[in-house]
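The values are calculated or read from the model by the stated rules, or taken from the named source; none is laboratory data. Fair warning: this is a prediction, and the values are worked out from it, not measured in the lab. We place every Cβ from the backbone using ideal geometry, glycine too, and count neighbours over all the protein chains shown. The area values use the complete protein model at the heavy-atom level, side chains included, leaving out ligands, DNA and RNA. Shrake-Rupley method; radii C 1.70, N 1.55, O 1.52, S 1.80 Å.
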Amino acid sequence: MKRNIIAIVFTMWMAPQSLLLAADLLPQFGWDRVPLYVHIRKDTAFTAEEIQHLATFPLITFEKSTGNKDSGSTEAGTLKAAKAVKAINPDTKILYYRNVIVHYGGYAANDSLNDIPDAFLVDKDGHNKLIRGRVQAYDLSNKALRGWWLAAAQDVCSDPAIDGIFLDGVVKVLEPGFLKRDVGAEKKAAVLEGYETLMQQTRQMLGPQKLMVANVLRARFPDSGLTQMQAFDGSYIEGFEGAVGMAKKDYVAKGIAAFQTAAQQGAIIAYTCDADGNQQDEDETPRNAARTSNAINHGGDVKSRFDYQLALFLVCAEKHSYFDLKDSYDATTSKTWMTHSAECDRPLGAPKGPAVRNGYTYSREFAHASVQLDIEKQIGVIVWKDATR
């Protein structure tokens, strides 16, 4: 009996926070069509047509800089966009973007950073623009800095139009080599400890009524980030094909396994991929780390690229998994923004079971579609069983 109790407690600890949320706090989900997600920014206000489009999605993240030119700050711009979407579709779940380590401009809260000594990391030469040589990085070991970050997040997330927070930069903090040479091993360890404290405080601040979705699942980590993401309601996924330290096919296979595991445990998964590639951020890769070729094997065929990414998603997807393929996060430059693939309107239906793997190929059956995926050849084939749309 004691062993069973321990097993139950362990299972609860390993389960994502989303399992503790009431159903109405989670994004709407259905298998009738491909479930979609959108992650977008626009530094001016969204048009009425764009707001109508946004309101068709069950889950949205408004990226950094949203509306800051028209509204005066990212906070105000995000709230304006969120309220406009909610006025059309109150069920859309909206996440507010905050980076846990990278200091971006455009936020009203940044003004008060001047009152916090040693808010940013510095290297041995006193330089503090350590991100790509252009942007400052928060010193998360600084308690006052964490208090500022938390208060800034609470200021927006407390609004009823915001359903939770999107946490970016997590991979940078967790990557053992990131900034370690610049700030030293002791400071790197202190930053990691400060991050863990900040995430605990963020959960307490948000309470059980708001979502926490982090950019954390990544095959580059020994356990693909599965242990770290247990503190969150779900994970955004990017960099799925940016192999680090192993062959690309093995890296993608490891990522698929992590996606499947997290999704089967009930986590929200926001799978985002680039129409031209799905690589790691350069500054997340430790210096001198082995990197494999990331060339896309589609000869510029946009349709083949789409089919491959959608097949990859469908091999992994479970309830509360959402798909987003784009060419840019910026609505002003993206050619995919405000477009809609015909495949996403086809009847899909629930999966008949998990995907079957055979080497580097996967297959999965849905009520109205048959999916074949070859990650070695980077080919995805979806046979839609219903001729009508």
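Being surrounded by fewer than 19 Cβ atoms within 10 Å (Cβ to Cβ), over 16 Å from the mean Cα position of the chain (by Cα) and hydrophobic (A, V, I, L, M, F, W, C) is a description that applies to residue 152.
Evaluating residue 156 against the criteria (1) farther than 19 Å from residue 229 by Cα; (2) not in a helix (DSSP H, G or I) leaves one unmet condition, (2).
If you go through the stretch 229-250 and pick out every residue that is assigned to a helix (DSSP H, G or I), in contact with a Phe, Trp or Tyr (Cβ under 9 Å, 6 or more places away or on another chain) and modelled with pLDDT under 95, you end up with 1. Taken over the stretch 124-149, residues that are among the charged types (D, E, K, R), within 27 Å of residue 203 (Cβ to Cβ) and under 24 Å from the mean Cα position of the chain (by Cα) amount to 2. Each residue in the stretch 202-232 was checked for being open to solvent by less than 10 Å² (accessible area, probe 1.4 Å) and hydroxyl-bearing (Ser, Thr, Tyr), and 2 of them qualify. The residues of the stretch 102-145 that are among the small types (Gly, Ala, Ser) and over 21 Å from residue 74 (Cα atoms), listed by number, are 126, 133, 141, 144. Determine whether residue 187 is in contact (Cβ under 8 Å) with a residue 40 or more places away in the chain, surrounded by fewer than 20 Cβ atoms within 10 Å (Cβ to Cβ) and outside any helix (DSSP H, G or I). So residue 187 fails the test. Among the residues of the stretch 234-268, those that are among the acidic types (Asp, Glu) and either out of contact with any Lys or Arg (no Cβ under 9 Å at 6 or more places or on another chain) or open to solvent by 10 Å² or more (accessible area, probe 1.4 Å) (or both) comprise 238, 250.
Residue selection: residue 219 satisfies the criterion of being free of Cβ contacts under 8 Å to residues at least 40 places away in the same chain and in contact with a Lys or Arg (Cβ under 8 Å, 6 or more places away or on another chain).
Residue check: is residue 309 open to solvent by less than 60 Å² (accessible area, probe 1.4 Å), touching a Cys at 6+ places or on another chain (Cβ under 6 Å) and closer than 23 Å to residue 246 by Cα? When the stated conditions are applied, residue 309 passes them.
Check residue 141 against each of (1) more than 23 Å from residue 231 (Cα to Cα); (2) touching a helix residue (DSSP H, G or I) at 6+ places or on another chain (Cβ under 8 Å) and name the one condition it does not meet. Only one criterion in (1) more than 23 Å from residue 231 (Cα to Cα); (2) touching a helix residue (DSSP H, G or I) at 6+ places or on another chain (Cβ under 8 Å) is unmet by residue 141, namely (1).
Condition test on residue 45, is it of a type in the set (Gly, Ala, Ser), on the phi < 0 side of the Ramachandran plot and modelled with pLDDT of 95 or more? Yes; evaluated as a whole, the condition is true for this residue. Close Cβ contacts (under 9 Å, 6 or more residues apart or on different chains) running from residues in the stretch 227-254 that are more than 24 Å from residue 59 (Cα to Cα) to residues that are in a helix (DSSP H, G or I) and open to solvent by less than 10 Å² (accessible area, probe 1.4 Å) comprise 242/251; 242/284; 243/251; 243/252; 244/251; 244/284; 245/251; 252/312. If you take the residues of the stretch 339-371 that are at pLDDT 95 or above, open to solvent by 30 Å² or more (accessible area, probe 1.4 Å) and among the aliphatic types (A, V, I, L, M), which of them is nearest to residue 254 (Cα to Cα)? It comes out as 356.
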